Amino acid sequence: MMQSDIIRLIVIEESANDAEVILNSLRKARYPIRPKHVEDDEDLQEALSEHEWDLIISVPEVGDFTISQVCDMVKSSKQDIPVIVISDNFDCKVMSELFNAGVKRIIPNDSGSCLPSVVGFELSNLAERRKLQHLEQLYKESQKNNKMLLATSRDAICYVHDGMHIYANPSYQKMFNYKNMDDLEGLPIMDLVADGDQSKFKDFMREFMNDERLEERQIALEGLCSNNKKLKLTMEFSQAIYDNERCLQVTVREQSQGNKEMEKQLLQMTRRDQLTGLFNRQFFSELLDNALTKAIENHTRSRLFYISLDDFDKTKETIGVSGCDPIIKNIANVIKKLAGKSASLARFDEYVFTLLIADKDCKKCAGNEPAEKICKAIADTVTELEGQSNITTCSIGIAQIVASVAKPQDVLTDAHAACKNVIENGGNGFEIYKATAKGDQEEMKSSDIANIIESAIEDKRMSLRYQPIVNLHGDEEEPQEIYEVFLRVIDEEGNMFPTGKLFTDAENANLSTKLDRWVLQEAVKTLAEQDSSSKARLFIKLSDQAIKDDSILLFIRKLLKSSKLPGERLVFEISESITITQVTAVKNFITQLKSLNCQSALEHFGTGLNSEATLERLPVNYIKIDSVFSKDLSKDAENQEAVKNFVKLAHDSDKQVIAEAVEDANSLTVLWSSEVDFAQGHYLQEPLEDLEFDFSDEEEEEEE
């Protein structure tokens, strides 16, 4: 489950306020939650019957309602819902009882500091279980379809395990004169080989089973039917799975059915590169997939060598495309000789070769001998072309294929990354890919955050972006020009810095008001620089820390006075989450804003346990419906109903409604019909560098 997915969450707590404390820690970690507060077994039973849920967070007991009852009710509902318990009791016996009841995690009641991480682990595990269940279903369906195709195939095909037939399709039964599968099941495949070729067949099978190469193998021999009739056959063997069992697939063809040489040529064309005769990219990808399957099933490791010829684009410019062919072909032969018969070599790209070697063969060599030999051999290879000697070198990236690798593309990506490092360091060498730990989740120190903010401001790597908030009904004589302000930060390497993480870390270090002040100052400056006829208004998000800091209000007052801007040009967004635990502080803050003629908006509306009560207590001008309600809005009846309820609540109390994160036309239509006042999102317009959106054109389009 991705952190961007909507998370349906049940919180079992004695009071709504205590439940909100739990939810706030998840909101701060930017989990898009759809919560429900439960106090007893009746509430939980109703919730379980209403929806599918992703997570339950609970205290050990609420009155007589215990966590054991919770787990029993979850099991009875047939839903896979991880249960996390928040407790102060870590007695081994108590914990053992909780785990035996079905609890997944037990964490301390520490104001939620470790809860977001634990939730992340459990959601990730839940997503993997759901994915596995889905894949198992797809696998069953594919097995069913494969059996239907086998039954109707004209090719004679059988599956063999430990030398015995476990399945043979009708074409195979007919070829060898057997009436049905009952006559073939358990019969050794050796019994279908004529006496004169049995020794040859044994040698072939012994070599095939011991060979690490993953491509199909063929043998021509004389077959023996049940009526003792003999046939000239070609048997093609490949690794396969039948009924969840690793086995061999055998495809049998009569040699008299067609031109054997022509069949060989056709096979060559589909699997081989026409210039070098090596495997082509498509077939090598299949071999790589097979290698990963073997690694997962029996821990047979292999290594991938990604071999790129250095500066070959320059060579191509010098001698032309056709002139490069002899060089490519010559180098292919050099690598092929060094790789040996047990390796699989392909021309993967124009001047890139890929080599698959079983790990045991690599270990026979000293250290990194295969890569060293290839580098040296290519550097020593001279291709004579029209009296000119051509010499090139190569860069090699090496990646190991192990069971923990997710998919073949990951191996290629790793090997390519290692090869790229060699190229950047001058080429003519090799490197083994090494995974490095990522530090994105590490909490930064206050001094580090302060330095990031200070240096970003000083180096002018912080800027604002403005996303239009569009009136969906356009019923005013003069269009409203409204934008939401977004902070954009570029790191020292020129990459986008995740501002969400920056604000979170800054808040943890009590430094978020520093960012608030910079945003306020730049936003007011932008408005002051507008044409005198402009009446643009800016929505500005404030951190939770700013709401509790009296100096922020004084700062806003000074900015308005120095810029001579009317306060109505600024609308301050306050998260619904802080209103739960800081109602008095938020209410006082909004009252002070009103005294400056500034307006306010309640953002992330709908994610609280009692949004209606929150709205009644706060004199805001707008509510901004949380983005979780915009997702799949045109298809989600529950979201549509929620949006209509929010609109009624807001309009009944004379407040206007804004829907954010609108990403498609169908959702926009639903919002319009639900009487939502404003909308914003990438579908309407991505954030702009300047206040340059044409609201009049937009309103004309809406009217049309």
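All of the numbers you see were taken from the coordinates with simple rules; none came from a lab. The shown structure was predicted, so the numbers you read here are calculated from the model rather than taken from an experiment. Because the Cβ atoms are built from the backbone with ideal geometry, glycine has one as well, and the counts that use them run over all protein chains shown.
As a ratio to 2.2 N^0.38 Å, the alpha-carbon radius of gyration for the stretch 456-703 is 0.99. Rounded, prolate or oblate: which fits the stretch 276-432, taking a ≥ b ≥ c as square roots of the Cα gyration tensor eigenvalues, rounded meaning a/c under 1.5, else prolate when a/b beats b/c? Prolate shape, in that a/c is at least 1.5 and a/b is the bigger ratio. Taking Cα centre as origin and charging only the Cβ of basic (Lys, Arg, +1) and acidic (Asp, Glu, -1) residues, the dipole magnitude of the chain rounds to 3620 debye. Whole-percent P(r), the stretch 511-619, all Cα pairs, 5 Å bins from 0: 2, 12, 24, 24, 18, 11, 6, 2, 0.
Taking the DSSP beta bridges with both ends in the chain, the antiparallel portion is around 60 percent. Sorting the segments 393-400, 332-339, 381-388, 368-375 by their residues' average number of neighbouring beta-carbon atoms within 10 angstrom, most packed first, yields 393-400, 368-375, 332-339, 381-388.
Distance from the alpha carbon centroid of the stretch 310-343 to that of the stretch 186-254 works out to 37 angstrom. Listed peptides 126-133, 322-329, 310-317, 604-611 appear in the order 604-611, 322-329, 310-317, 126-133 once ranked by packing, highest mean of other Cβ atoms within 10 Å at the front. Taken about its Cα centre, the stretch 7-132 carries a charge dipole of about 940 debye when Lys and Arg each add +1 at the Cβ and Asp and Glu each add -1 at the Cβ. Peptides 641-652, 533-544 ranked from most to least packed, by the mean per-residue count of other Cβ atoms within 10 Å: 533-544, 641-652. Note on the stretch 537-601: along the principal axes its Cα atoms extend 35, 21, 17 Å, ordered by decreasing extent. Among the listed pairs Lys314/Lys434; Lys501/Lys541; Lys594/Lys655; Lys179/Lys202; Lys294/Lys373; Lys78/Lys144, those whose Cα-Cα separation exceeds 22 Å are Lys314/Lys434; Lys179/Lys202; Lys294/Lys373; Lys78/Lys144. Separation of the stretch 279-294 from the stretch 47-88 is 45 Å, based on Cα centroids. Dividing the convex hull volume of the alpha-carbon atoms in the stretch 7-132 by its residue count gives 104 Å³ per residue. Each of Asn100, Val62, Leu44 was scored by the projection of its Cα onto the charge dipole of the stretch 7-132, and the greatest displacement toward the positive side belongs to Asn100; charges sit on the C-beta of Lys, Arg, Asp and Glu. Within a Cβ distance under 11 Å of Gln656, other residues only, what is the Lys/Arg minus Asp/Glu net charge? Local net charge: -1. Count Lys and Arg as plus one, Asp and Glu as minus one, and take only other residues whose Cβ is under 14 Å from that of Arg617; the net charge is then -2. Rounded, prolate or oblate: which fits the stretch 505-550, taking a ≥ b ≥ c as square roots of the Cα gyration tensor eigenvalues, rounded meaning a/c under 1.5, else prolate when a/b beats b/c? Verdict is prolate for the stretch 505-550. Here is the tail figure for the chain: Cα pairs spaced more than 51 Å apart come to 38 percent of all pairs.
Among the GluC sites (Glu not before Pro) in the stretch 500-533, those placed in a DSSP loop whose Cβ has at most 11 other Cβ atoms within 10 Å are Glu529.
Between the C-alpha center of the stretch 624-699 and that of the stretch 100-158 there is a gap of 35 Å. Averaging 1/r across all pairs of distinct Cα atoms in the stretch 603-660 and inverting the result yields a Kirkwood radius of 11.4 Å.
Taking label positions 7 Å along the Cα-Cβ direction at both Lys594 and Thr581, the computed distance is 2.7 nm, reported to one decimal.
Relative to the Cα centre, the charge distribution of the stretch 509-596, modelled as +1 at Lys and Arg Cβ and -1 at Asp and Glu Cβ, gives a dipole magnitude of about 300 debye. The residue among Leu123, Tyr172, Ile84 whose Cα reaches farthest toward the positive pole of the charge dipole of the stretch 68-172, with charges on the beta-carbon of Lys, Arg, Asp and Glu, is Tyr172. Counting only helical runs of four or more DSSP H residues, what would the 222 nm mean residue ellipticity of the chain come to if each run contributes -39,500 (n - 2.57) and the total is spread over all its residues? When only DSSP H runs of four or more count, the value is -14000 deg cm²/dmol. Name the lysines eligible as straight-distance cross-link partners of Lys75: C-alpha to C-alpha under 29 Å, and not fewer than 8 places from it in the same chain. In chain and number order, the partners are Lys36, Lys93, Lys104, Lys131, Lys140. Electrostatic tally near Asn228: other residues with Cβ closer than 14 Å to its Cβ, Lys and Arg +1, Asp and Glu -1, net -1.
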